[in-house]
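A short write-up of the structure that comes next.
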Amino acid sequence: MKLSKLASVLTLVAATALPTIAVAADKPVVGLVMKSLANDFFKNMLEGAEAHAKKRGDYELKAIGMQNETDFESQLNGVENFITQGVDAIVIAPADSRAMVAPLKKAIDAGITVVNFDVSLDEQAKKDAGLDLAFVGPDNRGGAKLAGDALAKALGEGGKVVIIEGNPGADNAAQRKLGFEDAVAAGKLNLLDSRTAHWETEEANSVFSTMLTAHPDIQGVMAANDSMAIGVIKALDAAGRSDIKVVGFDNVSAVQPLLKDGKLLATVDQFGSQMASDAIDKALAVVGGGPKLEGWVKTDIKLVTTDDVK
Amino acid sequence: MKLLLRDAGIGIALLLLILFFALTADHFLSPNNISNILTQITINLILAIGMTFVILIGGIDLSVGSMLAFCAVVGGSVLTIPDLSVFQAVSLATVAAVGTGALCGFLNGWISAFWGLPSFIVTLGMLNIARGAALQVTDARTIYSFPPSFNAFGSQMIYGVPVVFLIALALVGIAWFVLSRTVFGRLLYGIGNNEEAVRLAGHSLMIYKIAAFTIAGVLVGIAAIVYMARLNIASPIIGIGFELNAIAAVIIGGTSLSGGRGSVIGTLLGACIIGVLANGLILFGLSDFMRQLITGVVIILAVIVDKYRERITAA
């Protein structure tokens, strides 16, 4: 009885495992490593990549994500699994700009083409590891400046603003903060406070409520992603403050109604659904014998305001 | 009497903390800030009430954060069904969220009691089950656009006191009554103190254990509704680590991790201490990293103080 059960389990395993091996033999395999799939931004990216894989049809896509934005461990394991499976290319949005350098070095040494997109790896960490890797992605700093400039234009010189930052340690969080600060300097705004809410809605709600208590004269808020902007807007609703302007980043679907109502002044679209597909195209070009990628390959960004959703 | 004294000690600690921030941080005592603190502690308080029941019987529930997400996405899916009146949608969503919580809690209690397994392990399993289920049913998408009146309820105030906090306070009252004034409640303490004695007295341990975990699950369901009303979204990734905050509130509130000693009034004070610390330290101008560090120190201090109290009351 037990043996027959074991046998049937084995057949099942073989049946599920074999087709992948068979496909792997004739088409290049691309391992796509993303961050939290529960974030609409990466969800859209995954769907964009899946549609792209179906459309091109000349490669096999294997995608993995993480539980949440700070779950570095599963990204690391994912990269190691891809190395073991011997994929042809790894296309990765690193969860941490430094932590992922070592495993990616290992992948390159194993002869895998690696394309780094969305978040750039830390320059110093790359240098220390002797890793020379191009970056395909948006200018987070420039994007944040676009959103910040829109806020500065709405408030005028001397406007009092606060920044809600992303995860400390993540490069895109740091870049967006710098972009917001650029806008503060350019628009001669008055920056009252800047704190992290770890990209999360609930934490942004609590942290911002408390900031508003400390500085009731806040006029504008720059949130480093839309999830946090949603938490900020809820806090403003609760406090009955419709006079404070908010800008976000990512243009996720949950903020569309807020843009329409004017509760969110602006957000930034970096076309996440295309970004992964673009990076995959570039990886496949290298796998197919094309030249190595170098430096920073910038992707599109666009400021989205009320006018764009009407 | 002893119990009252224990709570008084924690109350004094809270008052000292409030006094400290009132003197050092601007705006701390402003009515708006007090409303903020009350709103900010509500969800943790509701979760901690349920956690008190579980810890009193000598158990632990590590799954409440994930269960919160699961209850919220189930409730949120019901809430956004088209063609329902607001009343229908909100009532059905509440039933769905609370029912989901009760079911998960029941499973936690039943599995650990029936097989005599440590609840630490069983709820660790549930932590993953509930998170996976939440991601599965939503396909990892955030649910949003709830009825405006439901949304307004989340930030409703009565004389500056958030309605959601009043709900939490009412739950504290009910839990206090159940734990201290009913046979059921006294038996829960009994199980935490001496399981064998309760069993020999002819009571079924299983029913009481299942009840404690189910109550915790019901409270998670209520917390999920409050979460949705407050933030107007239901996402499968909310609540990560919330169980640890709830456990911290219970422990700072003087309930013993080994069970049998403590009270839900202490839990209320414990949740207030955590909330006041988080809010006061930001107003004080301290960084987020220091805030987390200090909260950790307070948890350890609370356990050390509890050790001394145990010695004094035993003497």
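The values are calculated or read from the model by the stated rules, or taken from the named source; none is laboratory data. Just so you know, these numbers come straight off a predicted model, no measurement behind them. Glycine gets a Cβ as well: all are built from the backbone with ideal geometry, and neighbour counts include every protein chain shown. Only protein heavy atoms, including side chains, enter the accessible area calculation; ligands, DNA and RNA are left aside. Shrake-Rupley method; radii C 1.70, N 1.55, O 1.52, S 1.80 Å.
In the range B:105-133, the residues that are in contact (Cβ under 8 Å) with a residue 24 or more places away in the chain and within 14 Å of chain A (Cβ to nearest Cβ) form Cβ pairs under 7 Å with partners that are open to solvent by 30 Å² or more (accessible area, probe 1.4 Å) and assigned to a helix (DSSP H, G or I), at six or more places apart or across chains, as follows: B:130/B:70; B:133/B:70. Applying the criterion of being in a loop (DSSP other than H, G, I, E, B) and more than 14 Å from chain B (Cβ to nearest Cβ) to the residues of the range A:158-174, the residue that is surrounded by the most Cβ atoms within 10 Å (Cβ to Cβ) is A:170.
Selection of the range B:21-45 for residues being within 25 Å of the chain's Cα centre (by Cα) and within 9 Å of another protein chain (Cβ to nearest Cβ) yields B:28, B:32, B:33, B:35, B:36, B:37, B:39, B:40, B:43. Would you check if residue B:227 is at negative phi and open to solvent by less than 20 Å² (accessible area, probe 1.4 Å)? Yes; evaluated as a whole, the condition is true for this residue.
All conditions in (1) open to solvent by 30 Å² or more (accessible area, probe 1.4 Å); (2) within 22 Å of residue B:235 (Cβ to Cβ); (3) in a strand (DSSP E or B) hold for residue A:61, with the sole exception of (2).
Exactly one of (1) more than 9 Å from chain B (Cβ to nearest Cβ); (2) open to solvent by less than 50 Å² (accessible area, probe 1.4 Å); (3) in a strand (DSSP E or B); (4) farther than 17 Å from residue A:250 by Cα is unmet by residue A:191. Its number? Just one mismatch for residue A:191, condition (2).
You will find that of A:177, A:127, the residue that is in contact (Cβ under 8 Å) with a residue 24 or more places away in the chain and open to solvent by 30 Å² or more (accessible area, probe 1.4 Å) is A:177 and no other.
With the condition kept exactly as written, say whether any residue in the range B:155-167 is open to solvent by less than 10 Å² (accessible area, probe 1.4 Å) and of a type outside the set (Lys, Arg).
Filtering the range B:155-167 down to residues open to solvent by less than 10 Å² (accessible area, probe 1.4 Å) leaves B:162, B:164.
Checking which are of a type outside the set (Lys, Arg) leaves us with B:162, B:164.
Yes.
Return yes when residue B:275 is open to solvent by less than 30 Å² (accessible area, probe 1.4 Å) and either at pLDDT below 80 or within 14 Å of chain A (Cβ to nearest Cβ) (or both) and no when it is not.
Numbers: open to solvent by less than 30 Å² (accessible area, probe 1.4 Å): yes; either at pLDDT below 80 or within 14 Å of chain A (Cβ to nearest Cβ) (or both): yes.
Yes, satisfied.
Restricting the range A:194-215 to residues that are of a type in the set (D, E, K, R) and facing another protein chain (nearest Cβ under 9 Å), which is surrounded by the fewest Cβ atoms within 10 Å (Cβ to Cβ)? The residue in question is A:195. Selection of the range B:204-237 for residues being away from every other protein chain (no Cβ under 14 Å) and either in contact with a strand residue (DSSP E or B) (Cβ under 7 Å, 6 or more places away or on another chain) or free of Cβ contacts under 8 Å to residues at least 40 places away in the same chain (or both) yields B:204, B:207. Assess whether residue B:9 counts as being on the phi < 0 side of the Ramachandran plot and of a type outside the set (Ser, Thr, Tyr). Against the criterion (on the phi < 0 side of the Ramachandran plot and of a type outside the set (Ser, Thr, Tyr)), residue B:9 qualifies. Of all residues in the range A:101-120, those satisfying the criterion of being modelled with pLDDT of 85 or more, out of contact with any strand residue (DSSP E or B) (no Cβ under 7 Å at 6 or more places or on another chain) and farther than 24 Å from residue A:58 by Cα are A:101, A:103, A:105, A:106, A:109. Filtering the range A:252-272 to residues that are more than 30 Å from residue B:158 (Cβ to Cβ), more than 14 Å from chain B (Cβ to nearest Cβ) and either open to solvent by 10 Å² or more (accessible area, probe 1.4 Å) or not in a loop (DSSP other than H, G, I, E, B) (or both) leaves A:265, A:266, A:267, A:268, A:269, A:271, A:272. Is there a residue being surrounded by 24 or more Cβ atoms within 10 Å (Cβ to Cβ), hydrophobic (A, V, I, L, M, F, W, C), part of a loop (DSSP other than H, G, I, E, B) and more than 13 Å from chain B (Cβ to nearest Cβ) anywhere in the range A:216-233? Yes: the range A:216-233 contains one or more residues that are surrounded by 24 or more Cβ atoms within 10 Å (Cβ to Cβ), hydrophobic (A, V, I, L, M, F, W, C), part of a loop (DSSP other than H, G, I, E, B) and more than 13 Å from chain B (Cβ to nearest Cβ).
Would you confirm whether or not the range B:14-30 contains a residue that is crowded, with 24+ Cβ neighbours inside 10 Å, touching a helix residue (DSSP H, G or I) at 6+ places or on another chain (Cβ under 9 Å) and over 20 Å from residue B:261 (Cα atoms)? No: the range B:14-30 contains no residue that is crowded, with 24+ Cβ neighbours inside 10 Å, touching a helix residue (DSSP H, G or I) at 6+ places or on another chain (Cβ under 9 Å) and over 20 Å from residue B:261 (Cα atoms). Just so you know, in the range B:238-262 the residues that are crowded, with 24+ Cβ neighbours inside 10 Å and assigned to a loop (DSSP other than H, G, I, E, B) include one that is nearest to the other protein chains (Cβ to nearest Cβ), and it is B:238. Residues in the range B:134-154 that are open to solvent by 30 Å² or more (accessible area, probe 1.4 Å) and at positive phi were compared, and the one that is nearest to the other protein chains (Cβ to nearest Cβ) is B:145.
Just to check your reading of the model, which residue among A:217, A:226 is out of contact with any Gly (no Cβ under 6 Å at 6 or more places or on another chain) and in contact (Cβ under 8 Å) with a residue 40 or more places away in the chain? I'd like the intermediate steps shown before the answer.
Details: A:226 fails: out of contact with any Gly (no Cβ under 6 Å at 6 or more places or on another chain).
Being out of contact with any Gly (no Cβ under 6 Å at 6 or more places or on another chain) and in contact (Cβ under 8 Å) with a residue 40 or more places away in the chain holds for just one of A:217, A:226, which is A:217.
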